[in-house]
Amino acid sequence: VTIWGFVAWQARAPAPMINLAMFRVRAFAAINLSTFLLYFAVTGIGFYLPMTAVSAWGVDALAMTAAFLPGAVMIAALSTPMGRLADRIGAAPLLAVGAMLVALAQAGLALTASEALYWTRAVPLLWLSGFGMALVVAPLTTAVMTSASDAEQGAASGINNAVARASSLMAVSLMGRMAAAGYGPITQDTPGFGLVATTPSHISATGTGFAHIAALAAAMSLASALVSAWGLSSRRSGSAN
């Protein structure tokens, strides 16, 4: 409600913070929708996988770095070459392929969550997701900047960052409901999603709850890939300058 109220106000304000006319450019609208979908998915996994692994799979907090640190390293190492590649071939292929790799990893998490195998299932899949994001981060910036006119590039970057942050907040809020619904009723043996317990029923219920989250994340990452491939194609996006 707050978001829609803000958009409605910006449409009527005499001096709006956001020029909504920018979204009439197909490429700009597409890259922001793609950003929203992908960051919603990635944040949901990033928030709820540690909760799942620590509360039900017996993984300690330090061991969680094995899943997420390599992805951060790959992003740092590959951002420059991926940015140069995006300049040569365009951002759309890298955004689509990267988001598809993320979707594949998240689908794998959904399918294997019931096995509760952190080191042999979750960790390799998170590395794959990290590599996919490494393909996306720099081209995403390129796509945002080239989808706006020279005078609006600063605003375009700010809007895209705000979209990413808003989607992350929504993911943490909404996916918790999915996890609880997938977890099932609270009993003595199943104290609740995110609570530490070692009973087989709790481990199974937690895996089911996380599988719901991972399945939604995979669907949204796949949608992000499709939006990037369609919306940023040279034939459709046109020029913003």
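The values are calculated or read from the model by the stated rules, or taken from the named source; none is laboratory data. As the structure is a prediction and not an experimental result, all values here were calculated from the model. When we count neighbours, we look across all protein chains shown, and the Cβ atoms used for this are built from the backbone with ideal geometry, even at glycine. Remember, those area values only see protein heavy atoms, side chains included, never the ligands or the DNA or RNA. Shrake-Rupley method; radii C 1.70, N 1.55, O 1.52, S 1.80 Å.
Computing the accessible area with a 1.4 Å probe over protein heavy atoms, can you report the carbon and sulfur percentage for the chain?
68 percent
Label sites at ASP60 and ALA13, each approximated as a point 7 angstrom past Cα along Cα to Cβ, lie 4.9 nm apart. Annotation: per residue accessible area for the chain equals 49 Å², rounded to a whole number [probe 1.4 Å, protein chains only]. All distinct Cα pairs of the chain go into the 1/r average, and the inverse of that average, the Kirkwood radius, is 18.8 Å. Legend: Rg and Dmax of the stretch 69-184, from Cα coordinates, 16.6, 52 Å.
Looking at the P(r) of the stretch 54-133, how many percent of alpha-carbon pairs lie beyond 15 Å? Considering the stretch 54-133, 61 percent of its Cα-Cα pairs are separated by more than 15 Å.
Per-residue counts of other Cβ atoms within 10 Å, averaged by peptide: what ranking do you get for 122-130, 32-40, highest first?
Working: 122-130: 21.4, 32-40: 24.8.
Ranked from most to least packed, the peptides come out as 32-40, 122-130.
Normalised by the number of residues in the chain, the average gap of Cα pairs under 8 Å and 6 or more apart makes the relative contact order 36 percent.
If you wrap the tightest convex hull around every Cα atom of the stretch 121-241 and split its volume per residue, you get 114 Å³.
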